[in-house]
Ligand SMILES: Nc1ncnc2c1ncn2[C@@H]1O[C@H](COP(=O)(O)OP(=O)(O)OP(=O)(O)O)[C@@H](O)[C@H]1O
Ligand SMILES: [Mg+2]
């Protein structure tokens with residue numbers, strides 16, 4: 001019977017896309033494709049395409065079809081989703097799945113419709129949407145169906161979404177485009193300014209992940225990188241330390257904290273006192289940045305903690321949302 005009524009939850013992220021059914025995660029792939037440039041023909045996707053980034057001849061282009069949480073390349077997004085959905089359902093879809101897909105809080109109805117149409121074009125029978133912070137909170141099992149204040153900050157690659165949720169609805173929220181990729185950009189700018197070296201985003205990202213932190217650390221790590229001298233154009237190595245990355249990341253981290261503060265300012269005092277008692281839940285890949293919980297605890301003056309399933313909670317929440325689909329649809333009509 002399951003084949004007749006597959007219900008898939010999808011987290012279509014700027015950097016990573018996941019599909020879940022019930023409590024099982026069935027697909028996890030980077031949101032990236034390789035195409036033959038002049039034909040727009042997709043040749044690789046996901047992990048394989050990611051491995052091709054910066055290493056392909058002119059005839060091939062490696063593209064991230066989403067930017068800052070929204071679809072930038074419609075056809076590529078549809079093809080990419082179609083491949084991932086077929087990985088779950090098999091090549092011939094007799095019984096097309098119903099899906100619930102998470103979308104960033106606050107996107108326009110046109111941007112949201114593009115996601116729904118991409119889902120339909122990719123072979124789904126029905127496409128419903130849920131704001132990402134609500135899906136994430138649901139996936140974390142916060143008591144969001146009670147009249148209490150629950151705050152969650154989803155620190156992704158292309159978006160930071162901070163939200164206060166009560167009675168299964170968003171009370172106050174904000175989305176910012178300062179997230180993981182902007183942290184990488186800040187590292188590129190720092191290395192260029194301090195060492196006169198040009199480095200690409202993947203190198204900046206490894207510095208962030210391997211030795212980076214949000215707060216100065218006594219346990220300093222170092223990492224050797226190869227950059228391109230901005231004057232001579234020739235390769236040159238440099239050695240970076242944890243505290244240099246901390247310094248590079250301060251400006252974008254302040255912007256992330258400012259987004260969360262604006263949400264708190266818009267939240268009624270009764271709910272604020274619940275949030276002070278329970279703390280602020282952090283999720284998304286950027287929640288894995290060392291010390292980001294301590295950084296936000298200090299910046300917000302409210303304890304912030306990393307959830308147990310920071311990277312999968314959104315997709316888990318989308319799959320669970322089938323249980324409350326009526327409620328979600330009703331709230332979207334009002
Ligand atoms: N250990 C780590 N430390 C710091 N950042 C990390 C770590 N691991 C992953 N990241 C960052 O997490 C980001 C990806 O997170 P995630 O998969 O939640 O994003 P996404 O859902 O695709 O994006 P969005 O929700 O913004 O559309 C990337 O910027 C990546 O560099
Ligand atoms: Mg995300």
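Things worth noting here:
- Beta bridges by DSSP in the chain, antiparallel share as percent, to the nearest 5: 70 percent
- Cα gyration tensor category, rounded, prolate or oblate, for region 197-243 with a/c compared to 1.5: prolate
- The length gained on full extension between residue 74 and residue 239, counted as 0.36 nm times the residue separation minus their Cα-Cα distance, comes to 55.4 nm.
- Of 224, 205, 78, the one that fluctuates the most in a GNM where the chain has Cα springs shorter than 10 Å: 224
- Rounded if a/c under 1.5, otherwise prolate or oblate - the chain, Cα gyration tensor axes: oblate
- For the pair residue 37 and residue 120, a Förster radius of 25 Å applied to the C-beta separation gives a FRET efficiency near 0.40, rounded to the nearest 0.05.
- Euclidean distance of C-alpha centroids, region 204-227 and region 1-69, integer Å: 28 Å
- FRET E, pair residue 258, residue 306, Förster distance 25 Å, beta-carbon r, rounded to 0.05: 0.80
- Inter-probe distance in nm under a simple model that places probes 7 Å from Cα toward Cβ, at residue 67 and residue 298: 3.5 nm
- Here the spin labels are modelled as points 7 Å beyond Cα on the Cα-Cβ line, and at residue 325 and residue 111 they lie 2.6 nm apart.
- Judged by the ratio a/c of the largest to the smallest principal axis of the C-alpha gyration tensor, region 128-172 counts as prolate, that ratio being 1.5 or greater while a/b is larger than b/c.
Each value in this text was obtained by applying a stated rule to the coordinates, not by laboratory testing. Since the structure is predicted, the reported quantities are computational estimates derived from the model, not experimental observations. Because the Cβ atoms are built from the backbone with ideal geometry, glycine has one as well, and the counts that use them run over all protein chains shown.
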